[in-house]
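Step one of this worksheet: look at the structure below.
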Amino acid sequence: MSAAISYKDLGLVNTREMFKKAVDGGYAIPAYNFNNLEQLQAIITACVETKSPVILQLSKGARNYANATMLRYMAMGAVEVAKEMGVEIPITLHLDHGDSFGLCKSCIDNGFSSVMIDGSHLPYNDNVELTRQVVQYAHERDVTVEGELGVLAGIEDDVVAEHSTYTSPDEVEDFVSKTGVDSLAISIGTSHGAYKFKVDRIEDIPPLRFDILEEIEKRIPGFPIVLHGASSVVQEYVSLINEYGGKMENAFGVPEDQLRQAAGSAVCKINIDSDGRLAVTAKVREFLANNPGEFDPRKYLGAARNELVELVKHKNEKVLGSAGRA
Ligand code: G3H
Ligand code: 13P
Ligand code: ZN
């Protein structure tokens, strides 16, 4: 069996310090999912240029797609590239929606500095037990852990939840103290993917349940809270996709002003995947439609990468408030 690799040798950091600063400073750390080189390049470029700390997130599906060893070296490469760009930004490599102790352990042993164990679909006591087990293994290696209470509607890897269950404020204190987690993902009305709300018009999007968030904050003051399913489903990208041959109907996300409000509270990590996917798909479709003779992937993926840089800068500067906080 090969020896475990510590994230510290890769130049990565865990989330402890960045979350503390974010809670105190009233902003949120961006957690961007990636699966390939262009996405990673765009995220790092934009975060260095905006001087923002960043959490690079990998799902189980991303690991299967891109290969765990390849991804470890890519994360290492990202750290080096950021240094070469002349600005030191804190970079975390995080497992998104870990579904078992084995997967979390494998990530910790392969250079991740943070893991999520998502036991939100389990009965409460089983969620506590699984999370506690992961925390014990992780903390022995100075890796931080995100747990989840409450169920988001939508798709999380292989798990499809038709309906969401809001986080119960009555459970959070007990969960946090029994498990020892470093942060808690909650369910207050967001969901994963590009079809977050069953509405026909943007005006009909139901607001997030800030009342539940406030109640949670009262029970665990200052504790780092995480918001999943936080893409805004940028309408310009949806329009471009539809203009150039795609078909996305009633695709709506969380309005930016609500994310800004959340970032100013105990929410200190905001997860964004779908908006990045939309940016890439929109630009690839547009480029290929306008350049039918082009077949060099660098051209259409380059166009997508450029757009992703702009999107990430916008999020850091105008939505999460993480710009200038590195
Ligand atoms: O929450 C799920 C993330 O958007 C990752 O999605 O499992 O398709 O990689 P994925
Ligand atoms: P979105 O689908 O809203 O981007 O959410 C991503 C997420 O929560 C990853 O864990
Ligand atoms: Zn998620």
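The values are calculated or read from the model by the stated rules, or taken from the named source; none is laboratory data. Note that the structure is a prediction, hence the values are computed from the model and not measured. Quick reminder, even Gly has a Cβ in these numbers, built from the backbone with ideal geometry, and neighbours come from all protein chains shown.
The single condition among (1) surrounded by fewer than 24 Cβ atoms within 10 Å (Cβ to Cβ); (2) more than 26 Å from residue 45 (Cα to Cα); (3) touching a residue at least 60 places away in the same chain (Cβ under 8 Å); (4) aliphatic (A, V, I, L, M) that residue 130 does not meet is (3).
Right, residue 64: within 14 Å of ligand 1 (Cβ to nearest atom), at negative phi and either modelled with pLDDT under 95 or not in a loop (DSSP other than H, G, I, E, B) (or both) or not?
yes
Residue 191 meets each of the listed conditions (1) away from ligand 1 (no atom under 16 Å from the Cβ); (2) free of Cβ contacts under 8 Å to residues at least 40 places away in the same chain apart from (1). Among residues of region 79-103 being crowded, with 24+ Cβ neighbours inside 10 Å and without any contact (Cβ under 8 Å) to a residue 40 or more places away in the chain, the one that is nearest to the chain's Cα centre (by Cα) is 95.
Only residues that are in contact with a Lys or Arg (Cβ under 8 Å, 6 or more places away or on another chain) and either surrounded by fewer than 21 Cβ atoms within 10 Å (Cβ to Cβ) or in a helix (DSSP H, G or I) (or both): list them for region 12-38, please.
Here is the first cut: in region 12-38, the ones in contact with a Lys or Arg (Cβ under 8 Å, 6 or more places away or on another chain) are 15, 19, 21-22, 25, 27-31, 38.
Of everything in region 12-38, those that are in contact with a Lys or Arg (Cβ under 8 Å, 6 or more places away or on another chain) and either surrounded by fewer than 21 Cβ atoms within 10 Å (Cβ to Cβ) or in a helix (DSSP H, G or I) (or both) turn out to be 19, 21, 22, 25, 38.
If the condition is being surrounded by fewer than 21 Cβ atoms within 10 Å (Cβ to Cβ) and either within 16 Å of ligand 1 (Cβ to nearest atom) or not polar (S, T, N, Q) (or both), then region 104-117 contributes 105, 109. Can you name the residue in region 175-193 that is outside any helix (DSSP H, G or I) and polar (S, T, N, Q) and, of all such residues, is farthest from ligand 3 (Cβ to nearest atom)? So, considering only residues that are outside any helix (DSSP H, G or I) and polar (S, T, N, Q), the one farthest from ligand 3 (Cβ to nearest atom) is 183. Any residue that is surrounded by fewer than 20 Cβ atoms within 10 Å (Cβ to Cβ) and touching a Lys or Arg at 6+ places or on another chain (Cβ under 9 Å) - is there at least one of those in region 53-73? The answer is no, given that none of the residues of region 53-73 is surrounded by fewer than 20 Cβ atoms within 10 Å (Cβ to Cβ) and touching a Lys or Arg at 6+ places or on another chain (Cβ under 9 Å). Counting only residues that are in a helix (DSSP H, G or I) and either more than 16 Å from ligand 3 (Cβ to nearest atom) or small (Gly, Ala, Ser) (or both), how many does region 259-277 have? Matching residues across region 259-277 total 6.
Among the residues of region 293-314, the ones that are within 13 Å of residue 276 (Cβ to Cβ) and of a type in the set (Lys, Arg) come to 2 in all.
In the condition set (1) away from ligand 1 (no atom under 16 Å from the Cβ); (2) charged (D, E, K, R); (3) surrounded by 16 or more Cβ atoms within 10 Å (Cβ to Cβ), residue 196 is compliant with all but (1). For residue 226, the conditions (1) touching a residue at least 24 places away in the same chain (Cβ under 8 Å); (2) within 16 Å of ligand 2 (Cβ to nearest atom); (3) in a loop (DSSP other than H, G, I, E, B) are fulfilled apart from (3).
Return the only residue of 249, 236, 310 being assigned to a loop (DSSP other than H, G, I, E, B), surrounded by fewer than 15 Cβ atoms within 10 Å (Cβ to Cβ) and more than 16 Å from ligand 3 (Cβ to nearest atom).
Values: 236 fails: assigned to a loop (DSSP other than H, G, I, E, B); 310 fails: assigned to a loop (DSSP other than H, G, I, E, B).
None of the others qualify; the one that does is 249.
Here region 278-307 is the region considered, the condition is being surrounded by fewer than 19 Cβ atoms within 10 Å (Cβ to Cβ) and aromatic (Phe, Trp, Tyr), and the residue that is nearest to ligand 3 (Cβ to nearest atom) is 287. Residue check: is residue 171 farther than 30 Å from residue 238 by Cβ and of a type in the set (D, E, K, R)? Against the criterion (farther than 30 Å from residue 238 by Cβ and of a type in the set (D, E, K, R)), residue 171 qualifies. Just to be sure, is residue 121 surrounded by fewer than 22 Cβ atoms within 10 Å (Cβ to Cβ), farther than 28 Å from residue 48 by Cβ, more than 14 Å from ligand 2 (Cβ to nearest atom) and at pLDDT below 95? Considered against the rule, which asks whether it is surrounded by fewer than 22 Cβ atoms within 10 Å (Cβ to Cβ), farther than 28 Å from residue 48 by Cβ, more than 14 Å from ligand 2 (Cβ to nearest atom) and at pLDDT below 95, residue 121 comes out as yes. The requirement of being on the phi < 0 side of the Ramachandran plot and within 16 Å of ligand 3 (Cβ to nearest atom) is satisfied by residue 57.
Let's see how each residue does on (1) over 16 Å from the mean Cα position of the chain (by Cα); (2) farther than 19 Å from residue 305 by Cα; (3) within 16 Å of ligand 1 (Cβ to nearest atom):
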residue	(1), (2), (3)
244	yes, no, no
250	yes, yes, no
255	yes, yes, no
273	no, no, yes
277	no, no, yes
290	yes, no, no
